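A.B. asks: I'd like to ask you about the structure that follows.
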Amino acid sequence: MRISGLGATALPIVAITLIGCAVGPRWHAPSPPNAGYAPAAMATSTAAADIHGGERQRFVAGRDIPFEWWELLQCPALNVLIEKSFTSNPTVAAAQAALAQAQELMYAQQGLFYPSVGATYQAERHKVSGNTNGSSTIGVQGSGLNKLPQVPEDPASIDATPRNLPSYYTFYTAELTVGFVPDVFGANRRLVESLGAQADAQRFALEATYITLASNVVGAAIQEASLRAQIRATQQIIDGDRQALQILRAQFKLGYAMRIDLAAQEAQLAQDEAALPVLQKQLEQSRDLLRTLVGELPNRETSTFEIDALQLPPELPVSLPGKIVEQRPDIRAAEAQMHSANANVGAALAAMLPQFTITGEVGANATKATQLFDAGGPFWSVYGNVSQPLFQGFTLMHQKRAADAALLQAAAQYRSTVIAAYQNIADTLHVSLSDADALAAQVDAENSARTTYDLTRRQMDLGYVTYLTLLGAQTAYEQTVLARVQAQAARYGDTVALFQALGGGWWNRKETASR
C-alpha cells in the first residue's frame, strides 16, 4: 500500500496517537504477608555466660542494618579481608558482568522505540545482450560498441544475418531509508519491561553475592578461630595425659599402680593424640577456604584469627516482619522474575494483534555519479503496512498459554521464596536464643567437671579412689572444654547468620544508596 501527499504526512501522527496502552496484565508488586517470626512473643535478649563470647545480646526490633555489619565484631583484620574479597573474588566480577549484560539487553530493546535509518550507495555495471539491444537500451547511454563493423574487401564473406553487438552502461543509486514500527499495542514496551525486570533480578543477585561473600568470610574466620581454640585445648589435654602417664609409670615401677591403669592411660593418650591431626586438617582447610574467598591462591599468607579477637555485638537489629520482602535480595529477585513473566504475557498477547510498519525512502538514480542529484535524479516514497496474523499453526496461541504458565510458575516460586525467608529468620532467632542458653549451660558444665576432676585427683593422691576413677573424671572434663569452645563459636556464627537472614543491609551499600 503506497501513501503519498497528505496521507503520508498524517500516517505517523495517527500511528503515534494509537500508541496509548500496552495489552496484557498490569504489574502490581505483591503485598507483604501478614506474618511474624513465631506464634508467640519471643525473648528480647539472650542468656549470658561468664566467658568471652558469652555476653548477653539484646534484639532491637525495627532497627536498620548497616551494610558493614561485620565491623560490629571489632576485628580490623577481618574488615580488611572482606574489603579485599569484594574486589578480588571472581564471583563478584561475574555478578557485575551479568548485571551489565542484562542492562545492555534492555537498552538494546529500547532502541526499537526509535526509527531505524539506513543509507545505501550502489553502483551497477550492466552488459545488455545484442539480441535485445534495440529495445532494452532505449534511453540508455551506450558505449558505442554496437556500431556495425566495416565492410570487408571480399563481399562474399559478408554474413547475410544482421549483427547486433552488446551494449554496456553503468547505473548509480544513492538512497536513504527510514523505517518505523509503531508500538501500537505495546509489544515492545512489554519486552522492555520484561528485560528491565531481568536486569533488576541480576542487580539483586549482585547484592546477594556481596552479602553471601561477606558472611562466608566471617564464617570462615570464626571457624578458624574455633579450631585454633580446640587445637589449643586438645594440646593441653595431651600434655596432661603425658604428665599423668609419666607419674603412673613411676608408680607402676614402685608397685603403687596396676598394669591395667597404665594401659588405660596409654590408650587415653593415644586417643587424644589421634584427635589432634583431624583438627589440624580442618584448620588448614578453613585457611584454604579463606584464601579462596578473598581471591587468592593457597600459597598466599592471610591473617590469622582467634576467638578472643572477636567481640559479640551487644545489640542485634531485627527487621519488622513487613519489611522482609523489601530487604531480602532473594525475595526481590523472585519478585523481579515474576514481573518479567507478567510482562511476557502482554508481549505474547500483542503478537496476536495487528502489526504496523512505516517505511520511507529518498534517493536518486543516474547513469553518471555526477548526475545523481540533477533535476531528474531524485525520488522518494512512503509505505504504510498493516498485517494481521490469521493462522500460524496455533503457534501464537500456545506461546500465550506458555507465558501464562510461566507467570503462574514465577508466582509460586515467589511465594516459596517468601516462606523460606521467614523460616530462615525464625530459625536464626530461635537458634540464637538456644545457643546462648547452651553456652551458659556448657560453661557451668565445664566448671563443674573441672571441680570434679580436681577433687578426684586429690582423692587419688590420698588413696581414696583408683586411677580409673580419675581417668573418667579427666575424660569428662576434656569433653566439656571442647564442647564449650564449639559453643563459643556458635554464638558468633548465629550473629552472622542473623545479619545475613535479615538482608545484610544491602540497601545501605554506598553504590546502591547513591542510585
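The values are calculated or read from the model by the stated rules, or taken from the named source; none is laboratory data. Computed from a predicted structure; not experimentally measured. Every residue, glycine among them, receives a Cβ derived from its backbone with ideal geometry; neighbour counts consider all protein chains shown.
A.B. asks: Taking the criterion of being touching a Leu at 6+ places or on another chain (Cβ under 8 Å), part of a helix (DSSP H, G or I) and among the polar types (S, T, N, Q), would at least one residue in segment 237-258 satisfy it?
C.D. replies: No, the conditions are met nowhere in segment 237-258.
A.B. asks: Shifting gears a bit: Mind listing just one residue for me: the one in segment 458-495 that is among the small types (Gly, Ala, Ser) and more than 30 Å from residue 261 (Cα to Cα) and, of those, surrounded by the fewest Cβ atoms within 10 Å (Cβ to Cβ)?
C.D. replies: Kept after step one, since they are among the small types (Gly, Ala, Ser), are these residues of segment 458-495: 463, 472-473, 476, 483, 487, 489-490, 493.
This time we only want the ones that are more than 30 Å from residue 261 (Cα to Cα), so: 487, 489-490, 493.
Numbers: 487: 25, 489: 23, 490: 22, 493: 19.
Checked segment 458-495; the qualifying residue surrounded by the fewest Cβ atoms within 10 Å (Cβ to Cβ) is 493.
A.B. asks: Continuing with this model, one more query. Does any residue of segment 84-106 turn out to be among the charged types (D, E, K, R), surrounded by 13 or more Cβ atoms within 10 Å (Cβ to Cβ), under 23 Å from the mean Cα position of the chain (by Cα) and over 29 Å from residue 361 (Cα atoms)?
C.D. replies: Filtering segment 84-106 down to residues among the charged types (D, E, K, R) leaves 84, 104.
From the residues that got through so far, the ones that are surrounded by 13 or more Cβ atoms within 10 Å (Cβ to Cβ) too are 84.
Next cut, under 23 Å from the mean Cα position of the chain (by Cα) only: 84.
Still in the list and also over 29 Å from residue 361 (Cα atoms): 84.
Looking through segment 84-106, at least one residue is among the charged types (D, E, K, R), surrounded by 13 or more Cβ atoms within 10 Å (Cβ to Cβ), under 23 Å from the mean Cα position of the chain (by Cα) and over 29 Å from residue 361 (Cα atoms).
A.B. asks: Kindly indicate whether residue 357 is under 41 Å from the mean Cα position of the chain (by Cα), at negative phi, polar (S, T, N, Q) and in a strand (DSSP E or B).
C.D. replies: Working: under 41 Å from the mean Cα position of the chain (by Cα): yes; at negative phi: yes; polar (S, T, N, Q): yes; in a strand (DSSP E or B): yes.
Judged against the criteria, residue 357 is a match.
A.B. asks: Which one of 439, 498, 455 is outside any loop (DSSP other than H, G, I, E, B) and either without any contact (Cβ under 8 Å) to a residue 24 or more places away in the chain or surrounded by fewer than 21 Cβ atoms within 10 Å (Cβ to Cβ) (or both)? Let's see the steps before the verdict.
C.D. replies: Details: 439 fails: either without any contact (Cβ under 8 Å) to a residue 24 or more places away in the chain or surrounded by fewer than 21 Cβ atoms within 10 Å (Cβ to Cβ) (or both); 498 fails: either without any contact (Cβ under 8 Å) to a residue 24 or more places away in the chain or surrounded by fewer than 21 Cβ atoms within 10 Å (Cβ to Cβ) (or both).
Answer to the selection: 455.
A.B. asks: Hey, among the residues in segment 346-355 that are in contact with a Leu (Cβ under 8 Å, 6 or more places away or on another chain) and surrounded by fewer than 22 Cβ atoms within 10 Å (Cβ to Cβ), which one's nearest to residue 414 (Cα to Cα)? Before you say what the answer is, go through the steps one by one.
C.D. replies: Going through segment 346-355, the residues in contact with a Leu (Cβ under 8 Å, 6 or more places away or on another chain) turn out to be 347-348, 351-352.
Filter again for surrounded by fewer than 22 Cβ atoms within 10 Å (Cβ to Cβ), leaving 351-352.
Numbers: 351: 27, 352: 29 Å.
Out of the qualifying residues, it is 351.
A.B. asks: Also: Give me the residue from segment 255-301 that is over 17 Å from residue 226 (Cβ atoms) and of a type in the set (S, T, N, Q) and, out of that set, surrounded by the fewest Cβ atoms within 10 Å (Cβ to Cβ).
C.D. replies: 299
A.B. asks: Cβ-Cβ under 9 Å, sequence separation 6+ or interchain: first residue in segment 403-429 and over 20 Å from residue 345 (Cβ atoms), partner modelled with pLDDT of 95 or more and basic (Lys, Arg). Which pairs?
C.D. replies: 417/328; 418/328; 421/328; 424/328; 425/328
A.B. asks: If you don't mind, there's one more thing I want to ask. I need the full set of residues from segment 247-301 which are charged (D, E, K, R) and in contact (Cβ under 8 Å) with a residue 40 or more places away in the chain, in order please. Working first, answer last.
C.D. replies: Just the residues of segment 247-301 that are charged (D, E, K, R), to begin with: 249, 253, 259, 261, 266, 272-273, 281, 284, 287-288, 291, 296, 300-301.
Residues satisfying the conditions are 261, 272, 287, 296.
A.B. asks: Filter segment 368-382 down to the residues that are surrounded by fewer than 16 Cβ atoms within 10 Å (Cβ to Cβ) and in a loop (DSSP other than H, G, I, E, B) and list them by number. Reasoning before the result, please.
C.D. replies: From segment 368-382, those surrounded by fewer than 16 Cβ atoms within 10 Å (Cβ to Cβ) are 368-371, 373-376, 378-381; that's our starting set.
Once the filter is applied, which keeps residues that are surrounded by fewer than 16 Cβ atoms within 10 Å (Cβ to Cβ) and in a loop (DSSP other than H, G, I, E, B), segment 368-382 yields 368, 373, 374, 375, 376.
A.B. asks: Spot the failing condition for residue 301; the list is (1) over 30 Å from residue 193 (Cβ atoms); (2) at pLDDT 90 or above, and only one is missed.
C.D. replies: (2)
A.B. asks: Looking at 81, 73, which is the one that is within 13 Å of residue 313 (Cβ to Cβ), touching a Leu at 6+ places or on another chain (Cβ under 8 Å) and in contact (Cβ under 8 Å) with a residue 24 or more places away in the chain? Before the answer, list the steps.
C.D. replies: On the way: 81 fails: within 13 Å of residue 313 (Cβ to Cβ).
Matching residue, one of 81, 73: 73.
Residues are listed down the side, and each one gets a yes or a no for (1) part of a helix (DSSP H, G or I); (2) modelled with pLDDT under 95; (3) closer than 20 Å to residue 491 by Cα:
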{"position": "31", "(1), (2), (3)": "no, yes, no"}
{"position": "35", "(1), (2), (3)": "no, yes, no"}
{"position": "41", "(1), (2), (3)": "no, yes, no"}
{"position": "53", "(1), (2), (3)": "no, yes, yes"}
{"position": "94", "(1), (2), (3)": "yes, no, no"}
{"position": "103", "(1), (2), (3)": "yes, no, no"}
{"position": "108", "(1), (2), (3)": "yes, no, no"}
{"position": "112", "(1), (2), (3)": "yes, yes, no"}
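A.B. asks: Can you tell me which residue is surrounded by the fewest Cβ atoms within 10 Å (Cβ to Cβ) among those in segment 383-422 that are of a type in the set (Ser, Thr, Tyr) and in contact with a Pro (Cβ under 8 Å, 6 or more places away or on another chain)?
C.D. replies: To start, the set of residues in segment 383-422 that are of a type in the set (Ser, Thr, Tyr) comprises 383, 387, 395, 414, 416-417, 422.
Then keep just the ones that are in contact with a Pro (Cβ under 8 Å, 6 or more places away or on another chain); that gives 387, 414, 422.
Details: 387: 9, 414: 21, 422: 20.
So the residue we want is 387.
A.B. asks: Restricting to segment 442-452, what's the tally of residues that are without any contact (Cβ under 8 Å) to a residue 24 or more places away in the chain and either charged (D, E, K, R) or assigned to a loop (DSSP other than H, G, I, E, B) (or both)?
C.D. replies: Residues meeting the conditions: 1.
A.B. asks: A follow-up question, please. Would you check which residues across segment 154-189 are modelled with pLDDT of 55 or more, among the charged types (D, E, K, R) and assigned to a loop (DSSP other than H, G, I, E, B) and list them?
C.D. replies: From segment 154-189, those modelled with pLDDT of 55 or more are 154, 162-189; that's our starting set.
Among the residues that remain, those that are also among the charged types (D, E, K, R) are: 154, 163, 175, 183, 189.
Within segment 154-189, 154, 163, 183 qualify.
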